[in-house]
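A short write-up of the structure that comes next.
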Amino acid sequence: MPRVRIVVCVKHVPDIQSERALGPDRRVVRDGGDGTLNELDENALEAALSIAEARDDAEVVVLTVGPDDAVDAVRKGLQMGADEAVHVVDDAIAGSDVIGTARVLAAAVQHVGDVDLVVTGMAGLDGLTSLLPTALAQLLDLPALPLAAELTVDGGTVRVRRNLDHATEVLEASLPALVSVTDQANEPRYPNFKGIMAARKKQVTTLTLADLGVDASTVGAAGARTEVVDAAARPPRENRVLLTDEGDAGLRLAAYLVEQKLV
Amino acid sequence: MTTTAPVLVLLDHTPDGALRGPVREVVTLARELAGNAGVLGVWAADAELGADVLADLGALGVTRVHRLVADADTHLSAVLAEALEQALAAAGAGLLLTVSSFENKEAAARVALATGAGVVTDADGLEVVDGRYVASKTVFAGTWNTRCAVTAPVAVVTVKANAVQASPAAAPVATEVVDLAVTVSAVARRVTLVERVERPASGRPDLGSAHVVVAGGRGTEGDFSPVEDLADALGAAVGATRVATDEGWIGHDAQIGQTGVTISPRLYVGAGVSGAVHHRGGMQASGTIVAVNSDPDAPIFEIADFGVVGDLFTVLPQAAAELRRLKG
């Protein structure tokens with residue numbers, strides 16, 4: 001079988017179980033020590049690793065863009081079984097909107113070179129826009145097959161089944177291509193001891209915008225086309241009612257809904 | 001404050017040509033922003049644009065519809081995006097609004113890249129401030145409110161269902177239909193749509209855009225009948241937690257959560273729902289939250305406006321019967 005190179009794009013995000021916040025600069029607080037590999041990217045890694053394992057000569061490169069701590073995300077990818085890791089880190093990237101992030105990722109994928117398949121998660125659990133996969137595909141001039149609940153690669157063809165709000169679709173394209181996978185696609189593996197030990201010997205390549213030939217003015221806050229102008233924790237709900245059923249809770253619920261004009 | 005360029009709205013429709021519910025809300029929002037500049041629609045011609053829909057659009061204040069006659073399937077995001085770019089140019093619009101859905105976000109990302117527009121997803125409000133579009137949206141599973149300004153000359157904003165209430169214009173207008181022949185690039189044709197199967201209508205409101213949702217979780221132990229009964233008494237959509245869909249108690253399309261359907265109805269009722277963060281991420285922006293759970297420590301009680309510690313199998317039927325009695 002021909003050599004296949006797969007790049008998995010991952011993101012280091014604040015743990016969704018932690019108290020997430022926007023800072024005084026209205027950017028996501030990313031240095032609270034509660035960062036983790038975006039859970040949905042584990043599905044992307046699992047998909048890539050399964051495809052690679054079914055082949056004789058396939059390699060998986062795990063790629064991230066983010067501040068110093070973000071290296072943890074690619075290290076987790078190496079522990080799960082990825083062969084190589086790339087971390088793009090540059091102060092000028094801070095404040096990027098999704099388009100800026102896509103530009104940096106696209107340049108990094110091109111830097112890796114000869115990529116047959118780009119795999120991403122369905123969304124980052126910090127911003128949850130789901131915009132990145134198609135934006136990245138467009139920048140890389142690749143066909144996009146987003147939101148795979150099922151994914152097969154057969155020879156040079158990739159096929160995806162996806163569940164949308166009102167329909168189910170099957171999409172197909174020739175490699176090279178980009179897919180995003182959902183949390184329905186697979187059950188991600190846990191890094192085992194062997195994987196964790198092997199990852200210690202694997203190199204993480206660190207790159208800057210200059211290494212990638214990306215003009216710093218097109219990314220980061222400078223290149224962003226959107227700007228968060230206000231951010232505040234949502235005030236707690238007021239006038240809450242909590243009761244234990246004593247036989248009439250259903251009646252009281254009905255009365256509450258009527259009183260609140262919700263029926 | 002209103003804008004000076006027309007606002008273009010993607011008119012999502014069913015295969016038989018009926019407008020999807022939230023489109024009327026988005027058109028209403030567009031009309032408020034556009035003032036005299038006008039609201040224009042864009043309609044993919046995979047379904048016929050019927051006289052009743054045109055009358056509805058006229059009542060909502062849509063002055064013109066660009067009917068996309070494309071030489072490829074507009075269900076493909078790359079094809080839809082190229083068509084929307086041409087419609088934006090033809091309309092001279094400075095803002096493209098769509099209903100928030102995964103498909104529309106795919107196209108929105110592409111349109112933004114191709115046109116240099118700034119893009120905001122899942123907005124629950126939009127206004128013009130000092131000549132810029134400023135969208136409001138909740139983030140971090142509905143725990144933070146943000147406002148996000150578009151700094152580029154063109155904006156693409158996807159709007160959440162239930163963000164605004166649909167209402168007719170002060171006076172209906174006659175809606176002109178203009179065909180727009182779209183020739184898409186070879187690049188946009190590289191993905192083949194092998195199959196597209198529309199989900200049959202359930203007879204209940206659509207989960208993503210329903211005004212009222214009743215959701216069942218682990219506590220139903222697989223018996224959704226009390227959930228469905230209360231949903232019918234409320235005219236609500238039925239949703240579920242990840243556990244319930246993974247167990248096969250209900251279809252995956254009913255999963256509410258940050259990776260499933262994100263909802264913000266006026267009223268959410270969670271029955272036997274613990275309120276794990278994955279689920280909260282899909283419903284915490286709801287107007288009023290009701291929770292019924294036998295576990296007093298369930299995290300959902302932390303965010304409930306009305307919480308009942310009790311057995312859903314007695315509380316829900318009692319509430320449903322009482323609501324039916326009150327309705328007469």
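The figures follow:
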item: Degrees between helix B:102-115 axis and first principal axis of chain B (Cα, 0 to 90, nearest 10); result: 30
item: Share of carbon and sulfur in the accessible heavy-atom surface of chain B [1.4 Å probe, %]; result: 51
item: Per residue solvent-accessible surface (Å²) - region A:4-223, probe of 1.4 Å; result: 40
item: Cβ neighbours within 10 Å from other chains - mean over B:128-140; result: 3
item: Amide proton proximity set for residue A:96, modelled H, under 5 Å, gap of 5+; result: A:220, A:221
item: Protection proxy ranking of B:189-199, B:96-106 - average other beta-carbon atoms within 10 Å, highest first; result: B:96-106, B:189-199
item: Pairwise burial B:A, computed as accessible area of each alone minus the pair, summed, 1.4 Å, Å²; result: 7300
item: At least 20 Å² accessible surface lost relative to isolated chain, residues of region B:265-292 (1.4 Å probe); result: B:266, B:267, B:277, B:278, B:288, B:290
item: Relative contact order (percent, whole number), chain B, Cα cutoff 8 Å, 6+ residue spacing; result: 15
item: Solvent exposure of region B:7-189 as accessible area per residue, Å², 1.4 Å probe; result: 34
item: For region B:312-323, 3J(HN,Hα) per residue [Karplus equation, 6.51 cos²θ - 1.76 cosθ + 1.60, θ = phi - 60°, Hz, x = Gly/Pro]; result: 4, 6, 10, 5, 5, x, 5, 5, 4, 5, 5, 4
item: Average accessible surface area per residue within region B:207-327, 1.4 Å rolling probe, Å²; result: 33
item: Charge context of residue A:251, other residues only, Cβ under 12 angstrom, K/R +1, D/E -1; result: -2
item: Residue of B:15, B:168, B:265 that the Gaussian network model of chain B assigns the largest fluctuation, springs spanning Cα pairs under 10 Å; result: B:15
item: 5 angstrom amide H check on residue B:64, placed H, neighbours 5+ away; result: B:41, B:176
item: Residue among B:66, B:252, B:211 with the largest mean-square fluctuation in a Gaussian network model of chain B, springs linking Cα atoms under 10 Å; result: B:252
item: Peptide-level mean, for A:38-45, of C-beta atoms on other protein chains within 10 Å; result: 1
item: Percent accessible area from carbon and sulfur atoms, region A:4-223, protein chains only, probe 1.4 Å; result: 45
item: Residue-averaged [θ]222 nm for the protein assembly as shown, counting only DSSP H segments that reach four residues, each worth -39500 (n - 2.57); result: -8500 deg cm²/dmol
item: Cβ-based net charge around residue B:158, under 12 Å, with every Lys or Arg adding one and every Asp or Glu removing one; result: -2
item: At least 40 Å² of accessible area lost relative to the chain alone, listed for region A:95-112 with a 1.4 Å probe; result: A:99
item: Distance in nm between pseudo-label sites at residue A:232 and residue B:173 (7 Å out along the Cβ direction from Cα); result: 3.5
item: In nm, spacing of pseudo-spin labels at residue B:223 and residue A:168 (7 Å Cα→C-beta vector); result: 2.9
item: In region A:154-200, trypsin sites (Lys or Arg not before Pro) in a DSSP loop with at most 16 other beta-carbon atoms within 10 Å; result: A:189
item: Within region A:73-96: backbone nitrogen closer than 16 Å to the residue A:192 label point (7 Å, Cα to C-beta); result: A:79-82
item: Listed residues A:155, A:121, A:66, most fluctuating in chain A (Gaussian network, C-alpha, under 10 Å); result: A:155
item: Region B:270-287 - phi-based ³J(HN,Hα) in whole Hz, Karplus 6.51/-1.76/1.60, Gly and Pro as x; result: x, 10, x, 9, 6, x, 4, 4, 4, 6, 4, x, x, 9, 5, 7, 4, x
item: Per-residue average of Cβ from other chains inside 10 Å of A:123-132; result: 6
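The values are calculated or read from the model by the stated rules, or taken from the named source; none is laboratory data. Since we're looking at a predicted model, the values are computed, not measured. Positions of Cβ are backbone-derived with ideal geometry, glycine not excepted, and every protein chain shown enters the neighbour counts. Quick note on the areas: whole protein, heavy atoms, side chains included, nothing else; ligands and nucleic acids left out. Shrake-Rupley method; radii C 1.70, N 1.55, O 1.52, S 1.80 Å.
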